[in-house]
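Worksheet for the structure shown next.
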Amino acid sequence: MGREPTQKPNYEILAFVTTNQNRVLSGKQLTLLANDEEEQKTMTQDIAKAMKADVVQLKSKDYLIIRV
Amino acid sequence: MEGQISVADITLIVTAIITGTLARVLTIKEDYRQYPSYPNGYIIHLITGFVAASLGAVAIPALITKNYVAVTFLALAIQQFRDVRKMEKNSLQTLEETEYTYRGAAYIDGIAKTFEARNYFALIVSFVTALTIQLINSEILWLNIVAGSVVGLLVLYFLKRISKGKVVGDIADVKPGKVEVRGSELFVDDIYVANTLGMENASNLFRKEGLAAVIYPREDHFRITLDNFGQRQAILFEATRALGLKRYHFTRKDYKEGRVIITLVPIIPDQDGLIESVKNTPLLESTKKSHAVLQTNIVGSE
């Protein structure tokens, strides 16, 4: 359920999966570089299943694996 | 025999206890919310109801025998009922992690208060029953019993009427919503809801099995109640409780028209059941606002 702006957000970014090397930056979350879109999709799905998490696809086509 | 309780007193106390306990039995309902639906839950509340009724029943004989100090045990009753509220609150809070979604603090507070109040019902009903029997004080025993029970049950009916809360269906219309998945974004009736459907299996699941209800407040000021986070959490809880939850549940409010969206992937795909459970969700005490007191007073306040 979406939390309201007045409340403390409870999201946790577990992983960021991209195909663009320039967007691989340091941070708390795991950042993975995929060779192509197919690999990117498979990696995202595997991690999301294992972590029982949700997936957001950004407009840049990168995937964000989050847990509420 | 001096020192022994008379038949008239026994009749008064027993009738009052039975009527008071009956009041608790009649208010312990297992409804669409399915709570309390377990036998131990029933026993706990029936026993506390019996104790409450006993306290109300012996108050009159205590006063008549000039045992005024004994009436202070009513303070004990208040303490006991507060403990009932605390017990109920703790119990529901412990269960929070095991439910499909959270009831939320506001809803739990409301339920706990209701359980406390229903014990007062038992106490008041048994007290009034005892008082009626004492006032009539007829030679005919069964006349006392019948009169006491009838007045007690009338008081229960009155108490139930005044304590009856409203439900979402009283202040809003609830209609089915059209679920649409565009890429990884979820829309209901063209209102953006969430973007966490990034994987194909997630978007396909919602597209095939997702259900949505849209709440339309009948008056603009009802938005204050419906937009409340605790209220929406309670609505979502009732929806998931009624239909089960396979995966994903969201609520969203539309700022423009004040519509509230409830959407989920249920275990039982019952659109009418979803609408009914949303309509029957109680309006929480903590979210209620009296619109009348917000009206401008042109004369000025005292």
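Descriptive notes on the structure:
- Among the residues of the range B:263-292, those identified as touching a helix residue (DSSP H, G or I) at 6+ places or on another chain (Cβ under 7 Å) and without any contact (Cβ under 8 Å) to a residue 60 or more places away in the chain are B:Leu264, B:Pro266, B:Ile267, B:Ile268, B:Asp270, B:Gly273.
- Within the range A:44-68, residues that are facing chain B (nearest Cβ under 9 Å) have Cβ atoms under 6 Å from residues that are part of a helix (DSSP H, G or I) and of a type outside the set (A, V, I, L, M, F, W, C) in these pairs: A:Val55/A:Thr44; A:Tyr63/A:Thr44, counting only partners at least 6 apart in sequence or on another chain.
- Residue match in the range A:30-43 (condition: within 13 Å of another protein chain (Cβ to nearest Cβ), surrounded by fewer than 12 Cβ atoms within 10 Å (Cβ to Cβ) and either under 18 Å from B:Met199 (Cα atoms) or at pLDDT below 90 (or both)): yes
- Only residues that are outside any helix (DSSP H, G or I) and within 14 Å of chain A (Cβ to nearest Cβ) were counted in the range B:213-239, giving 2.
- Verdict on B:Gly110 being among the small types (Gly, Ala, Ser), under 30 Å from B:Ile275 (Cα atoms) and more than 31 Å from the chain's Cα centre (by Cα): no
- Filter pass, B:Lys164 being among the basic types (Lys, Arg) and touching a helix residue (DSSP H, G or I) at 6+ places or on another chain (Cβ under 8 Å): no
- Number of residues in the range B:240-272 that are buried (at least 16 other Cβ atoms within 10 Å of the Cβ) and more than 14 Å from every other protein chain (Cβ to nearest Cβ) equals 6.
To keep it simple, each residue is scored yes or no on (1) crowded, with 16+ Cβ neighbours inside 10 Å; (2) farther than 21 Å from B:Gly273 by Cβ.
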| site | (1), (2) |
| --- | --- |
| B:Leu143 | no, yes |
| B:Tyr157 | no, yes |
| B:Val168 | yes, no |
| B:Val188 | yes, no |
| B:Met199 | yes, yes |
| B:Phe229 | yes, yes |
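- Here B:Lys86 fulfils each of the conditions (1) closer than 27 Å to B:Leu283 by Cα; (2) in contact (Cβ under 8 Å) with a residue 40 or more places away in the chain apart from (2).
The values are calculated or read from the model by the stated rules, or taken from the named source; none is laboratory data. Remember, predicted model here, so these are calculated numbers, not experimental data. Glycine gets a Cβ as well: all are built from the backbone with ideal geometry, and neighbour counts include every protein chain shown.
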